[in-house]
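K.L.:
Structure incoming, see below.
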Amino acid sequence: MSVQYMNAAKVANTKHTNEAVLLVKCPDKPGIVAVLSEFLHTFDANIIESSQYSTDPADGTFFIRLAYYCDQLGEKAEQMEKNFEGIARAFDMTYAFHYQAQKKRAAIFVSKEPHCLLELLWEYQTGDLPMEIALVVSNYENSREMVEALGIPFYYIPANKDIRAEVEARQIELMKEFDVDVLILARYMQILTPDFVSHFENRIINIHHSFLPAFIGADPYARAFARGVKLIGATSHYVTNDLDEGPIIEQDVERVDHRVDVKELRKIGSKIERRVLVKAVKWHLENRIIVEGNKTIVFQ
């Protein structure tokens, strides 16, 4: 089975024009790496990074990420993809070619608290997040000025459970209008319906302000304080129809003790949230993730 996400004709003329990533998942068997290497060699492609993982070398699933450089890639890409179809059939591969010159277009959803949005905007400005921020959507107005100062469109869409269908229809319309590849929920405090999620499978990245699966839902820091936890953390994951139970991309924690109150827990937690979300987004943008069931393989 082949899965192709990028059209070579869309590749922009940048310093990464001749770089690409090939992600592969298939039943494990001898010779896979050799076949992939030989395939790239026939197009004079140079492998610049290779990471692989097998669930069980005897009878498991094999995953690999190959980053490569290929001179005149724009002219070769279409033929490469066609030639690869036979290899994919022979090894029962699910695969994707990703062209690094084409930055993913992101939409950021945010509610009242802007700390995760600010971190994303900072990393975007420094060039550490290789994406184009197509728009920011919020059910609060307080982030408008900081977003529009960077020339990014800002859409204020009030949201609550009574108008959820209407709101999501408008949001889906905007995602199509702006040709969005990935949605980033930067503390967007609204539950998404199954219909909305189905439009963006494995393309919605959320940050949850606790170390999942602990303290699912609202106000986790108060509940963590009441429980007397000694570690607090944050989890970034893909959104599925199961609340806060999608495939986990990244997590981090910090140690606390009985002297830390709820206000301080939230302050510490917000710092963890910012760095965890940025890592997860970066790995998605760099095509370092393969989703396998409700888990992820992350080639760091």
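K.L.:
Roughly how many debye, to the nearest 20, is the charge dipole of region 8-99 about its Cα centre, given +1 on each Lys and Arg Cβ, -1 on each Asp and Glu Cβ, and no other charges? Could the numbers behind the result be given before it?
P.N.:
Working: 8 positive and 13 negative charges, 41 e Å.
Dipole about the Cα centre, nearest 20: 200 debye.
K.L.:
Please tell me the relative contact order of the chain in percent, rounded to the nearest whole number, where contacts are Cα pairs under 8 Å and at least six residues apart. Kindly include the intermediate steps, with their values, before the conclusion.
P.N.:
Details: 554 pairs, mean separation 48.0, N = 300.
Taking the mean separation of contacting Cα pairs over the length of the chain, I get 16 percent.
K.L.:
Further question: Taking a cut-off of 23 Å between Cα atoms, list the lysines near Lys263, but don't count ones fewer than 8 places away on the same chain.
P.N.:
Result set, ordered by chain and number: Lys112, Lys230, Lys271.
K.L.:
Just the number, please: percent antiparallel of the DSSP beta bridges in the chain, rounded to the nearest 5. Walk me through the numbers before you get to the answer.
P.N.:
Working: 39 of 56 bridges.
Roughly 70 percent of the DSSP beta bridges within the chain come out antiparallel.
K.L.:
On to the next question. Apply 1/(1 + (r/R0)^6) to the Cβ-Cβ distance of Tyr156 and Trp122, taking R0 = 22 Å, and write down the FRET efficiency to the nearest 0.05.
P.N.:
Values: r = 22 Å, r/R0 = 1.01.
Efficiency, rounded to the nearest 0.05: 0.50.
K.L.:
Structure shown: which of Lys29/Lys82; Lys82/Lys282; Lys161/Lys279; Lys103/Lys279; Lys103/Lys176; Lys76/Lys103 lie over 21 Å apart, alpha-carbon to alpha-carbon? Could you put the intermediate results ahead of the total?
P.N.:
On the way: Lys29/Lys82 23 Å; Lys82/Lys282 29 Å; Lys161/Lys279 31 Å; Lys103/Lys279 17 Å; Lys103/Lys176 17 Å; Lys76/Lys103 19 Å.
Check vs 21 Å cut-off fails for Lys29/Lys82; Lys82/Lys282; Lys161/Lys279.
K.L.:
Against the longest principal axis of the chain, how steep is helix 115-126, in degrees 0 to 90 to the nearest 10, with axes from Cα atoms?
P.N.:
40 degrees
K.L.:
Right, here's the next one. Assign unit charges at the C-beta atoms only (+1 for Lys and Arg, -1 for Asp and Glu), then state the dipole size of region 64-122 relative to its Cα centre in Debye, rounded to the nearest 20.
P.N.:
On the way: 8 positive and 8 negative charges, 33 e Å.
Around 160 debye, computed over region 64-122.
K.L.:
Please report the base-10 log of the normalised intensity I(q)/I(0) for region 8-99, using a Debye sum with one equal scatterer per alpha carbon and no solvent, at each q in 0.13, 0.17, 0.24 (1/Å).
P.N.:
-0.42, -0.70, -1.29
K.L.:
State, to one decimal in nm, how far the label point of Lys112 lies from the label point of Asp71, with both points 7 Å from Cα in the Cβ direction.
P.N.:
It works out to 6.0 nm between the two label points.
K.L.:
Ok, one more. Starting from one equal scatterer on each C-alpha and no solvent at all, send me the Debye-based log10 I(q)/I(0) for region 61-191 at q = 0.09, 0.15, 0.18 Å⁻¹, two decimals.
P.N.:
Rounded to two decimals, the profile gives -0.40, -0.83, -0.97.
K.L.:
Tell me the trypsin sites (Lys or Arg not before Pro) within region 223-266 that lie in a loop according to DSSP and have at most 14 other beta-carbon atoms within 10 Å. Let's see the in-between values first.
P.N.:
Working: sites: Arg223, Arg227, Lys230, Arg255, Arg259, Lys263, Arg266; in loops: Lys230, Arg259.
Answer in residue order: Lys230, Arg259.
K.L.:
For region 94-248, what is the percent of antiparallel DSSP beta bridges, rounded to the nearest 5?
P.N.:
Working: 5 of 22 bridges.
Once the DSSP bridges in region 94-248 are tallied, antiparallel ones form about 25 percent.
K.L.:
Now, a different point. Taking 0.36 nm per residue of separation and subtracting the Cα-Cα distance, what length does fully extending Ala222 through Glu245 add? Don't skip to the answer; put the middle values down first.
P.N.:
Values: separation 23, 0.36 × 23 = 8.28 nm, distance 2.06 nm.
Additional length available on full extension: 6.2 nm.
K.L.:
Can I ask one more? Report, please, the projected area of region 229-290 averaged over directions, based on the convex hull of its C-alpha atoms, in nm². Mind showing how you got there, number by number?
P.N.:
Numbers: hull surface 19.2 nm².
That works out to 4.8 nm², a quarter of the Cα hull's surface.
K.L.:
If you don't mind, another one. With P(r) over Cα pairs in 20 Å bins from 0, in percent defined as stated, name the option among [x] 34, 61, 5; [y] 33, 56, 11, 0; [z] 31, 54, 15, 0 computed from the structure displayed.
P.N.:
[z]
K.L.:
Tell me which of Phe200, Tyr140, Thr296 sits at the most positive position along the dipole axis of the chain, charges placed on C-beta atoms (Lys, Arg +1; Asp, Glu -1).
P.N.:
Tyr140
K.L.:
What aspartates and glutamates could a cross-link reach from Lys104, if we take a straight Cα to Cα line under 19 Å and drop same-chain neighbours fewer than 8 places away?
P.N.:
The reachable aspartates and glutamates, counting only those whose Cα sits under 19 Å from Lys104, are Glu19, Glu119, Glu123, Asp128, Glu132, Glu173, Glu177, Asp179, Asp181, Glu201, Glu286.
K.L.:
Where the only charges are on Cβ atoms (+1 Lys, Arg; -1 Asp, Glu), what is the dipole of the chain about its Cα centre, to the nearest 20 debye?
P.N.:
Values: 34 positive and 43 negative charges, 160 e Å.
The calculation lands at about 760 debye.
K.L.:
If I model a spin label at Arg259 and Asp92 as a point 7 Å from the Cα along the Cα→Cβ vector, what separation in nanometres do I get?
P.N.:
5.9 nm
K.L.:
Still on this model: What would the Debye formula give as log10 I(q)/I(0) at q = 0.15, 0.24, 0.34 Å⁻¹ for the alpha-carbon point model of region 255-300, no solvent?
P.N.:
At q = 0.15, 0.24, 0.34 Å⁻¹ the computed log10 ratios are -0.56, -0.81, -1.15.
K.L.:
Counting other beta carbons within 10 Å of each Cβ, put Ile297, Ile216 in order, fewest first.
P.N.:
Working: Ile297 20, Ile216 14.
Going from least to most buried by this count: Ile216, Ile297.
K.L.:
Can you give the helix-only mean residue ellipticity at 222 nm for the chain, where every DSSP H stretch with n ≥ 4 adds -39500 (n - 2.57) and the sum goes over all residues, rounded to the nearest 500 deg cm²/dmol? Display every interim value, and only then the final one.
P.N.:
Values: 8 runs with 98 residues, N = 300.
Mean residue ellipticity, 222 nm, calculated: -10000 deg cm²/dmol.
Every number here is computed from the coordinates shown, using simple stated rules; none is lab data. Please read all numbers here as calculations on a predicted model, not as lab measurements. Don't worry about glycine lacking a Cβ; one is built from the backbone with ideal geometry, like all the others, and counts go over all protein chains shown.
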